[in-house]
Amino acid sequence: MSDSKNEVLLRAYLVYIALVIFGLIVIIKVLLIQIKEKDALLEYAKSNEIDIRAEEAVRGNILSKNGTLLATTVPVYNVYFDPVAVDKDVFDDNIAALSDSLSRMLKTRSRSKFESYLRNSRENKRRYVKIANKLSMGEFKRMSNFPIFKEGKYRGGFIYEKNYSRELPYDELAARTIGYVREKENIFVGLEGAYNDYLRGQDGKQMVRRINGNFWMPIASPENVIPRNGDDVYTSIDIEIQDVAENALKKCLVENDALQGCVVLMDVKSGFVEVMASLSYNEKTAKYEESYNFALRHNVEPGSTFKAVSMLALLENNPQMNIDDKLYLGKSDYMVFHGRTMKDSHRVTDENGYSTIRNAFEQSSNIGLASMTVNAFENNPDRFIDLIYQTSIQEPLNLDIKGEARPDIKNTKDKRWSKLSLPWMSIGYEVMLTPIQILTYYNAIANDGVMVKPQFVKEIRHGNEVVQVFDTIVINEKIASERTIATLQTLLEGVVENGTAKSLNKLGFPVAGKTGTAQISQGKSGYNKTNYTATFVGYFPADDPKYSCIIVVSNPRGKKYYGASVSAPVFKEVSAKVYATRLGIMEEEMNYHPSCKSFTDASMVYFDDFVEYCAMNDIPFNDNENNNDWVYITGHNDEINADPVILGTDTVPNVKGMNVTDAVYLLESMGWNVNFSGLGKVKTQSPKAETELSKGKTINLTLSLK
């Protein structure tokens, strides 16, 4: 019995000893791994590493009012070469041809230097040789068909990384409004920044395994998430008018040697901004660039454009005011307020020192507006401020695009208030507003007193699905009484008809607006007669306002500095283009009433239109036997002929006498671009008829109502 027991104990001891020895071996092995084999094992683990990589979502597009791309994301490719992966015979037979192709395309090395570079890389067993960065898709496809590379990744050593780049198809056009995003630096500018949450989409996830060096292979996994590409932002920007506005502004800045300026064009009823151009002079490049959003960020003393605000307060304070009543302003061009002299640019009174209120406003009289304001509000300046504040002009617009400067219209409790504040505020000094804030106020006058918020985006879409629609936002339903608004509209029309903006009264459509010329404060040194801000702000057509527009030019250093001579010409060019290409055609189509003379006077007419006219009026004619689309109408009464017009492929046709709709349709359908000015039918054309002109060139038409 004892022998049996001893045998069991012996076996137990042996098992225990064996376990102890095994444990010691494990501990020793762990120590060896930690001390001696760590680096080798880590390298081995790296070669079999599994990782989760972010799959970048494609950023959404920003599009114009007309659906053209303003900002888009395009793929770019970085290309590398693994010469070791290529079969020796394939490499030797094709390396010269590959080097020649790379040299011709990239132009960074000669053929021989490329060949030497690639051969040395193979000899040194380099497996990740840089070839090119940021190739376009077209360049990438071309390179992928080069000798050796066309064999692919494993046999041809052709390695590439696909990234994405943000591109502006129109380069600098509206660049500051479009903006940019640098998330790592927390910089969000313009529409890119304002709508970044929509545009950026949602990145996905992809599990990958390292298979060799720096090569990773995607693998199936429940962890994988397909990226959701960004939404598209459809703006209200009209790229054609934006182009016209920027060119007109740049021309103005160059001619007047100005530092910076802006143009903003807004739809009166909706508040959607169709043009916002801001140009500043860059001394380093000696060019005007869209580097600073002057329209939103730059506070200026509005000068005489603020007189429409003061006039509103005067009219609201005295509903019985008659703008044809006379004011006594004296026989000079200056007046003293509390020891400080205020001057007019020219005398506005008659020989007895009188002027009507209407004339004082139309001629932009400083002493006229200041004396009326002082007489009405000197004993109760709070009333003046309250009437201004009721318009909401003192409130920020809270625009989607960030960076708007805050309006600064002080009240009597402000420590900066003095006895001089009332007269000088009435003419636009001691107040600060941005150009777009000034425009918003004038837009409210055009909109019969309804102040709407300027907006830049109409829709957000994901593919064809509409994600969000942006409607008009009303800031103030009634900035003043109907009588006050109607009177202000009359006064602003008078500025163009009889006053400081008479240069705009021959556009072919009515305009209302106000000029403004303000000295720029130099800080503690005060004002001088060198630095000015020149402004024109208004709307058109004045009898049925569709668009409001402001032009502000800062620091013109040439011979001219008045708003009427510096900024008004830009308004003239922009409004004329808008009217001709948008409103004029619509008006012509609505008011067009064909007559027999309208057909016979034209160089050619659309045959179907002529047939319809004759059928409606029971007029017989000799038929167009060749069934041409365009015909020339001759004769009168019972002898009317529709003769076919033969159009040459590259020869400019004669479009004189045609209505603009037909002329533009015909010329554009033949492959040319068309610019036109004026209203009515085509009076002249350039190039002339029968001129040979290659497709894509521009034909200029002059229209006339006569």
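The values are calculated or read from the model by the stated rules, or taken from the named source; none is laboratory data. Here the structure is a predicted model, which means the values were calculated and not measured. Glycine gets a Cβ as well: all are built from the backbone with ideal geometry, and neighbour counts include every protein chain shown. To get the accessible areas, we keep the full protein, side chains included, count just its heavy atoms, and leave off ligands, DNA and RNA. Shrake-Rupley method; radii C 1.70, N 1.55, O 1.52, S 1.80 Å.
Structure note, pairs LYS453/LYS683; LYS88/LYS141; LYS331/LYS514: Cα-Cα distances above 31 angstrom occur for LYS453/LYS683.
Residues whose amide H falls under 5 Å from that of ASN61, counting only those 5 or more places apart or on a different chain, are ASP232, VAL233, with hydrogens built in the peptide plane. Which residues does the label zone of ASP608 cover in region 667-684, counting backbone N under 18 Å from a point 7 Å along Cα→Cβ? Zone members listed by number: 667-670.
Along region 543-554 the Karplus relation, 6.51 cos²θ - 1.76 cosθ + 1.60 evaluated at θ = phi - 60°, assigns HN-Hα couplings of 7, 7, x, 10, 10, 10, 8, 10, 10, 10, 10, 9 Hz to successive residues, with x for each Gly and Pro.
Once the mean 1/r over all distinct Cα pairs of the chain is inverted, what Kirkwood radius in angstroms do you read off? Show your work: numbers first, answer last.
On the way: mean 1/r = 0.0315 Å⁻¹.
Evaluated over the chain, this radius sits at 31.7 Å.
Along its first, second and third principal axes, ordered by size, region 211-325 spans 91, 40, 26 Å in Cα coordinates. Based on Cα atoms of region 442-528, Rg over Rh with Rh as the Kirkwood radius reads 1.17. Between ASN628 and VAL474, full extension at 0.36 nm per residue minus the direct alpha carbon distance yields a gain of 50.2 nm. Here the gap between SER694 and VAL90, fully extended at 0.36 nm per residue and compared with their Cα-Cα distance, gives a gain of 212.6 nm. The residues of the chain expose, per residue, 51 Å² of accessible area to a 1.4 Å probe. A simple packing score, the average count of other Cβ atoms within 10 Å per residue, orders the peptides 13-23, 433-443 as 433-443, 13-23, with the highest score first. State the Cα centre-to-centre distance between region 643-669 and region 393-456 in whole Å. Here the answer is 50 Å between Cα centres. Relative to the dominant Cα principal axis of the chain, helix 435-446 is inclined by about 50°. Identify all aspartates and glutamates with a Cα-Cα distance to LYS506 below 19 Å; exclude those on the same chain that are fewer than 8 residues away in sequence. Answer for LYS506, where 19 Å is the Cα cut-off: GLU362, GLU493, GLU497, ASP543, ASP544, GLU573, GLU587, GLU588, listed by chain and number. Residues in region 605-621 carry Karplus couplings, in order, of 9, 6, 4, 4, 5, 5, 4, 4, 5, 5, 5, 5, 10, 6, 10, x, 7 Hz; the curve used is 6.51 cos²θ - 1.76 cosθ + 1.60 with θ = phi - 60°, and Gly or Pro positions show x.
Pop the C-beta distance of TYR334 and ARG416 into the FRET formula with R0 = 25 Å and round what comes out to the nearest 0.05. In this case the efficiency is close to 0.50. Please tell me the relative contact order of the chain in percent, rounded to the nearest whole number, where contacts are Cα pairs under 8 Å and at least six residues apart. So the answer I get is 10 percent. Counting every alpha-carbon pair across region 193-276, the share separated by more than 17 Å comes to 70%. Taking 17 Å as the straight-line reach from the Cα of LYS458, the aspartates and glutamates in range (excluding those fewer than 8 positions away in the same chain) are GLU192, ASP197, ASP231, ASP232, ASP238, ASP267, GLU274, ASP400, ASP471. Charging the Cβ of each Asp and Glu at -1 and of each Lys and Arg at +1, and nothing else, the dipole of the chain about its Cα centre rounds to 3900 debye. Each residue of region 110-118 was assigned a 3J(HN,Hα) from its phi angle through the Karplus expression (A = 6.51, B = -1.76, C = 1.60, θ = phi - 60°), giving 6, 4, 5, 5, 4, 5, 4, 4, 6 Hz with x at Gly and Pro. Of the solvent-accessible surface of region 137-249, computed with a 1.4 Å probe and all protein chains present, 46% belongs to carbon and sulfur. In the structure shown, the pairs LYS130/LYS153; LYS656/LYS697; LYS410/LYS560; LYS107/LYS287; LYS134/LYS184; LYS184/LYS205 are assessed against 23 Å; a Cα-Cα span above that value is assigned to LYS410/LYS560; LYS107/LYS287.
Convex hull volume per residue, computed on the Cα atoms of region 388-516, equals 161 Å³. Taking a straight line from the alpha carbon of LYS284, these lysines sit under 18 Å away, with near neighbours fewer than eight places off in the same chain left out: LYS250. Amide hydrogen proximity for SER291: with H placed 1.01 Å from N in the peptide plane, the residues at 5 or more positions away or on another chain lying under 5 Å are SER280. Using the average count of surrounding beta-carbon atoms within 10 Å as a protection proxy, the listed peptides 355-366, 239-250 rank, highest first, as 355-366, 239-250. Close amide-amide hydrogen proximity is noted between LEU327 and SER355, THR356, ILE357, each under 5 Å apart and 5 or more residues distant or on a separate chain (H modeled in the peptide plane; Pro and chain starts excluded). For the listed peptides 686-696, 285-295, a ranking on the average number of other beta carbons within 10 Å per residue, highest first, reads 285-295, 686-696.
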